[in-house]
1. Let me have the relative contact order for the chain, percent, based on Cα pairs under 8 Å that are six or more residues apart.
2. Please identify every one of the trypsin sites (Lys or Arg not before Pro) in the stretch 162-255 that sits in a loop by DSSP and has no more than 11 other beta carbons within 10 Å of its own beta carbon.
3. For S197, S37, S235, give me the order by solvent-accessible area with a 1.4 Å probe, most accessible first, ignoring ligands, DNA and RNA.
4. Give me the extension gain from I234 to A182: residue separation times 0.36 nm, minus the current Cα-Cα distance, reported in nm with one decimal.
5. At 222 nm, what value in deg cm²/dmol follows for the chain if DSSP H runs of at least 4 each add -39500 (n - 2.57) and the sum is divided by all its residues, to the nearest 500?
6. Report the local net charge at V129: Lys and Arg +1, Asp and Glu -1, summed over other residues whose C-beta lies under 9 Å from its C-beta.
7. Could you compute the net charge surrounding M45? Neighbours are other residues with a C-beta less than 14 Å from the C-beta of M45; K and R count +1, D and E count -1.
8. By how many degrees, between 0 and 90 and to the nearest 10, does the Cα long axis of helix 2-27 differ from the longest principal axis of the chain?
Amino acid sequence: MIRSLYTAATGMDAQQTRMDTIANNLANASTTGFKKSRADFEDLMSETIRAPQQLDPRGGSQPAPLQVGLGVRTVSTTRSFSQGDLSQTGNPLDVAIQGAGFFRIQRPSGDFAFTRAGAFRVDADGRLVTQRGELVDPQITVPREAQNITISPDGVVSASVTGRVDPIELGRLELTLFQNPAGLEAIGGNLFVETASSGTPQFARPGELGLGTLAQGMVETSNVKAVEEMVAMISTQRSYELNSKVIQTADQMLQRLTNVR
């Protein structure tokens, strides 16, 4: 019964982690480019009371072991990079990725990060930046006199300039591909950084190497489905209550043992 107390406690801890993950998903249901996560579990080592094929007092053998599980633990949180819905904004600098890929962002420290949130702006120097003022890489500078900025599906950024008949090309947006995007580390601000698990980033134009294409004037919304998260929340709550009930029952059984005379 002491074993059941600790086992149920691991179950409550695991369900608390799952609830924390669900809460974060729902909190970011309206965050541009957010990707939902789920908590993954695995069982703990079982205590072997009797191994299989061990001789019993009657001279026979046991074909199956006698084992008691010791609970559960959270092994990881897996992020889903499924496509979110596209929302039209009308802002010519908003860009959504239709398919796989990430924009590469240069942070103030000089390091690079990656994002699916394409809500871009221009800073005081005309450079294309994120909403937090971090530079989009490759760097694109929009002239002050630029008008009618267009971004093609393959990433070419062009604009009309006073005194020029034909639009001029300002640069080209590139996308980044990872072998295992689930291995990326989220650092906040809609940004991810590469890890040993994500693999080495590959850079290419939109539409190449299996990368998605770009949609101007749109942003990718969160891929969180509120109904799915609510169902998961109910399931988590019930599992937590059941583990709590196990602790109460084991405590009552121990109380009865202490009252035996």
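1. Working: 548 pairs, mean separation 67.4, N = 261.
26 percent.
2. R164
3. These residues rank, largest area first, as S197, S235, S37.
4. Taking 0.36 nm per residue and subtracting the Cα distance, the gain is 16.1 nm.
5. Computed ellipticity for the chain at 222 nm equals -8000 deg cm²/dmol.
6. Numbers: positive: R121, R127, R132; negative: D123, E134.
Net charge around V129: +1.
7. -1
8. Taking the Cα atoms of the chain, the angle to 2-27 is about 20 degrees.
The values are calculated or read from the model by the stated rules, or taken from the named source; none is laboratory data. The model shown is predicted, which means the values in this text are computed figures rather than measured ones. Virtual Cβ from ideal backbone geometry, glycine too; neighbours counted across all protein chains shown. For accessibility, only protein heavy atoms count, side chains too; no ligands or nucleic acids. Shrake-Rupley method; radii C 1.70, N 1.55, O 1.52, S 1.80 Å.
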